[in-house]
Amino acid sequence: MSEVVSFHRSERVGIITVDNQPVNALSQAVRQGLVDALGKALADAEVQAILLVGKGRTFIAGADITEFGKPQKDPGLGDVIARYEASEKPVVAAIHGTALGGGLEVALACHYRVAARDAKCGLPEVKLGLLPGAGGTQRLPRLVGVPKALDMIVSGEPIGATDAKAIGLVDEVVEGDLVAGAVAFAAGVASRRPLPRARDLSANVDETKVDPALFDKARKDAAARARGGKAPLRCVDAVKAAVELPFDEGLKRERELFLEAVESTESKALRHVFFGERTAAKIPDVPADTPTTPVRRVAVLGAGTMGGGIAMVFANAGISVLLVDREQDFVDKGLGIIKKNYAATVSKGRLSQGEMDARVGRITGTTSWDGLAEVDLVIEAVFEEMGLKKEIFGKLDKLCRPDAILATNTSTLDTNEIARSTSRPGQVIGLHFFSPANVMRLLEIVRGEKTSKTVVATSMKLARQLGKVGVLVGVCSGFVGNRMLHTYGREAQLLIQEGALPQQVDAVLTRFGFAMGPCATSDLAGLDVGWRIRKGQPRPPPGARYSGAVGDRLAEMGRFGQKTSAGFYRYEPGNRAPMPDPEVEAIIVAVSKELGIERRKVDDHEIFERCMYSMINEGAKILDEGIALRASDIDTVWINGYGFPAHRGGPMFHADVVGLPKIHARLREFLAQHGKAWEPSALLERLAREGKTFASLDAGRGA
Ligand code: 3H9
């Protein structure tokens, strides 16, 4: 008997327990253990019904993702599942925590399913670029009907036990002790025959009754949402097979589609993203047992868009917040916007009024700094001005408890310099939220040269508690995300000066899968922001290109983007869709002329390579300088903070897909054509020469 699956008997019920924590993934040892345990249960004459349970915090959260891409070892999951379904003794799955992917597929093949009230069931394979590959696409529609099965399989979103019961996915919701309730249920069905098997249910997949338009619509919706990803479409095709083919043929079709998917770059990318997010939480010199301090009371300085959004993040996580600003008007305005944001969520039915009231109640607006002496963490979210920040940190140093964490939300400024304005640089850290802070998942956690390990560990833990993906980065201008965004945006603008138009640049990048192109993104963020920053900076020396020329001209004309209905595009009232604007084209042509640039036809390929490779090159420099710990951390930043398409894995993953030698060769060509900004990173050059990848670099560093 394998250690990860055990068997024991409770009177007439044989209990098979999976114990492969943390999530009871279906590794080869678990699959073998399940086969062996079933054999024992069937051979035991005393056993009249069999119960399958998971030990620890969950039932079974799916196939073992680390095994994908490696030669598959027997028994396959499909084989294990077929044995459970064929058992002549009834098998009951007792679900707590999550039954996900292959875990739910095992449960679907059991004859009955019972669930704890807070259990969740789902087929999230699509989020890994896959489809359920062990019968889920054939059994679920037979059990719950095609529309609901399509919903669950194409979205990948899990449903709760109550909903699962309502749609016929589980037979009973157990209150109180799950195993005791499930044993009683199993004893109750022990002698019932015939055994209900999902494979035998035909009514829900009767071809004459299922509207074929359902699949056309599902395909269309999936294509619109997938931004070029194919997995959702494969999911639709597999469910369609449940209607068009007999069960065993449908299983074969599902298998073919699954094998195609598992080999796809899309799935490799999404698996990289899954593990990348989890690896980001691990800091080599800050072990998991590093002490942390509790964060129960927080103050946010600055009640503007950013400060208000940050206050909401804490209130959402049940933490009370003091929202502090200089004048009562600013405080009131900030609180007003917060309430409006929550009310919008309530009106969409995504938040109850009671929950909104509780969250609003956790935020106290004030102009007084008195309460700061009590808080565990202060986050400064005022203007990006070093003098102001230093003054604030000097004051905080005097007011706050010695163990309080002093954080800055700066997106560009030197966190070390800010820390030096206090007597406790070890307690200072950057917590860089992304706008809108209550929506964006990314949190760059900026470690200064003196930041203590306790403060790093507390911040990483806090990120998780807030539902954010925390990525630890080092100090440099723009940290990881904005520093790379700068090179990406620079190339987009230079291409426009040379002959492209905003709509062409944006189309190239949205076709790749970006949520928005760089020009539409600038319009959303506001062209005035970059313009004001550039005004305070020295112009590039003669001979060097200045990428801000078009943006400056538009901003000087009051075209600040969406908020003025005009920027790189024009906007119809009440509509955020960017419309190409002939006036902008004339401005761009004029700017090119003033700069002495003869406009030329820029092809899409050049746009893509220059925007993407400049960013990858900067990412390699960031990695080489130790600003990011791993290439996968850079990908995690870009996917969670900048709309990089997850199914492309992030810029560094994409670089590996293209091949570093090819990228390096192009960087050298661009260096010859466009100058110093294209100097290839020494790291990228070395990896290309040695035939290595960013992934191999991460693996070599134990990431
Ligand atoms: C599938 O089932 C295909 C089948 O249809 C067909 C097959 C033929 N495998 O997320 P956490 C690790 S595809 C391996 O921090 P939480 C994870 O990396 C699969 N490892 O915990 C982490 O490791 P570490 C369909 C896995 O409580 C640790 O477990 N299923 C797997 O926040 C803890 O994870 C899914 O897509 C796995 N399947 O969330 C579910 N899952 O500690 C994927 C987790 O070293 N999993 N690990 O960093 C999840 O969504 C979340 O992990 C879950 C728990 C919600 C379960």
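The values are calculated or read from the model by the stated rules, or taken from the named source; none is laboratory data. Everything quoted here is computed from the prediction, not taken from an experiment. Cβ atoms come from the backbone with ideal geometry, glycine included; neighbour counts cover every protein chain shown. We work out accessible area using only protein heavy atoms, side chains counted, and drop any ligands, DNA or RNA first. Shrake-Rupley method; radii C 1.70, N 1.55, O 1.52, S 1.80 Å.
Add +1 for every Lys or Arg and -1 for every Asp or Glu among the other residues with Cβ under 11 Å from the Cβ of residue 285, and state the total.
+3
Calculate the dipole size of the stretch 556-662 relative to its Cα centre from +1 charges on Lys and Arg beta carbons and -1 charges on Asp and Glu beta carbons; express the result in debye to the nearest 20.
In debye, rounded to 20, the stretch 556-662 gives about 160.
Please sort by residue number the trypsin sites (Lys or Arg not before Pro) in the stretch 350-442 whose DSSP state is loop and whose Cβ has at most 15 other Cβ atoms within 10 Å.
350
Could you report the stretch 605-700's accessible area per residue, 1.4 Å probe, as an integer in Å²?
34 Å²
Calculate the dipole size of the chain relative to its Cα centre from +1 charges on Lys and Arg beta carbons and -1 charges on Asp and Glu beta carbons; express the result in debye to the nearest 20.
With Lys and Arg at +1 and Asp and Glu at -1, about 480 debye.
Compute the convex hull volume of the Cα atoms of the stretch 598-702, divide it by the residue count, and report the result per residue in Å³ as a whole number.
In the stretch 598-702, the Cα convex hull volume per residue is 112 Å³.
Antiparallel as a % of all DSSP beta bridges within the chain, to the nearest 5?
In the chain, DSSP labels about 25 percent of beta bridges as antiparallel.
Please pull out the direction-averaged projected area of the stretch 5-262, using the convex hull of its alpha-carbon atoms, in nm² to one decimal place.
In nm², the orientation-averaged hull projection of the stretch 5-262 is 12.7.
On alpha-carbon atoms, Rg over Rh for the stretch 333-437 using Kirkwood Rh?
Result: Rg/Rh = 1.05.
For the stretch 245-259, in order, what is each residue's ³J(HN,Hα) by Karplus, 6.51 cos²θ - 1.76 cosθ + 1.60 with θ = phi - 60°, in whole Hz (x at glycine and Pro)?
Here the 3J(HN,Hα) series is 10, x, 3, 5, 5, x, 4, 5, 4, 4, 4, 4, 5, 5, 5 Hz.
Which percent of Cα pairs goes in each bin when the distances of the stretch 368-526 are cut into 10 angstrom slices starting at zero?
10, 34, 30, 16, 8, 1
Probe of 1.4 angstrom, ligands and nucleic acids ignored: what's the accessible area per residue over the stretch 297-473, in square angstrom?
About 42 Å² of surface per residue is accessible.
What size of dipole, in debye to the nearest 20, comes out for the stretch 297-473 about its Cα centre when the only charges are +1 on Lys and Arg C-beta atoms and -1 on Asp and Glu C-beta atoms?
In debye, rounded to 20, the stretch 297-473 gives about 600.
Can you order the peptides 465-478, 488-501, 611-624 by their average number of other Cβ atoms within 10 Å per residue, highest first?
So the peptides 465-478, 488-501, 611-624, ranked by packing, come out 611-624, 488-501, 465-478.
Would you kindly find the accessible area of residue 369, with a 1.4 Å probe and non-protein molecules such as ligands, DNA and RNA excluded, rounding to the nearest 10 Å²?
60 Å²
Sum up the charges of everything whose Cβ sits under 11 Å from the Cβ of residue 565, counting Lys and Arg as +1 and Asp and Glu as -1, but leave residue 565 out.
Summing Lys and Arg as +1 and Asp and Glu as -1 gives +1.
Calculate, axis by axis, the spread of Cα positions in the stretch 120-202 along the three principal axes, and write the results as whole Å, longest axis first.
That works out to 39, 30, 20 Å along the principal axes.
Any idea of residue 506's accessible area? Nearest 10 Å², probe 1.4 Å.
Approximately 10 Å² of residue 506 is accessible to the 1.4 Å probe.
Can you tell me the orientation of helix 660-674 relative to the chain, as the angle in degrees between its alpha-carbon axis and the longest Cα principal axis, to the nearest 10?
Between helix and principal axis, roughly 20 degrees.
Label the stretch 47-120 by shape, choosing from rounded, prolate and oblate, from the square roots a ≥ b ≥ c of the eigenvalues of the Cα gyration tensor; if a/c is under 1.5 it is rounded, and otherwise prolate applies when a/b is larger than b/c, oblate when it is not.
Oblate, because a/c is 1.5 or more while a/b does not exceed b/c.
Putting +1 on Lys and Arg Cβ atoms and -1 on Asp and Glu Cβ atoms, find which of 94, 471, 375 reaches farthest to the positive end of the dipole of the chain.
375
Summing Lys, Arg as +1 and Asp, Glu as -1, what charge do residues with Cβ under 15 Å from the Cβ of residue 62 carry, residue 62 excluded?
+1
Just to be sure I understand: if I project the alpha-carbon convex hull of the chain onto a plane and average over all orientations, what area do I get in nm²?
The directionally averaged projection comes out at 33.2 nm².
Skipping prolines and chain starts, which residues have an amide H placed within reach, meaning under 5 Å, of the one on residue 365, given they are 5 or more residues away or on another chain?
It is 323, by chain and number.
In whole percent, what relative contact order does the stretch 192-244 give with Cα contacts below 8 Å and a gap of six or more residues?
37 percent
Hey, can you rank 627-634, 553-560 by average C-beta count inside 10 Å, highest first?
Ranking, from highest mean packing down: 627-634, 553-560.
Calculate what fraction, in whole %, of the accessible area of the stretch 605-700 sits on carbon and sulfur atoms when a 1.4 Å probe is rolled over the protein chains.
The computed percentage sits at 53.
May I ask you to derive the relative contact order of the stretch 114-160, considering only C-alpha pairs under 8 Å and at least 6 residues apart, and to give it as an integer percent?
Answer for the stretch 114-160 is 55 percent.
Relative to the longest principal axis of the C-alpha atoms of the chain, give the angle of the C-alpha long axis of helix 604-624, reported between 0 and 90° and rounded to the nearest 10°.
With both axes taken from Cα atoms, the answer is about 90 degrees.
Of the listed pairs 40/73; 282/389; 268/461, which have alpha-carbon separations greater than 24 Å here?
In this structure, 282/389; 268/461 exceed 24 Å between Cα atoms.
Calculate what fraction, in whole %, of the accessible area of the stretch 403-493 sits on carbon and sulfur atoms when a 1.4 Å probe is rolled over the protein chains.
51 percent
If you roll a 1.4 Å probe over the stretch 172-304 with all protein chains in place, what percent of the accessible area is carbon or sulfur?
That share works out to 56 percent.
Among 522, 569, 536, which residue has its Cα furthest toward the positive end of the charge dipole of the stretch 500-599, with +1 on Lys/Arg Cβ and -1 on Asp/Glu Cβ?
It is 536, whose Cα lies furthest towards the positive end.
Of 260, 11, which has the most accessible area with a 1.4 Å probe, and how do the rest follow in descending order?
11, 260
Given N residues in the stretch 297-473, what is its alpha carbon radius of gyration divided by 2.2 N^0.38 Å?
For the stretch 297-473, the normalised Cα radius of gyration comes out at 0.97.
Note down the accessible area of residue 679, probe 1.4 Å, to the nearest 10 Å².
Here the accessible area works out near 90 Å².
Which lysines does residue 348 reach when only Cα atoms under 28 Å apart count, and residues fewer than 8 places away in its own chain are ignored?
Correct list for residue 348: 120, 127, 148, 165, 217, 220, 333, 339, 340, 468, 563.
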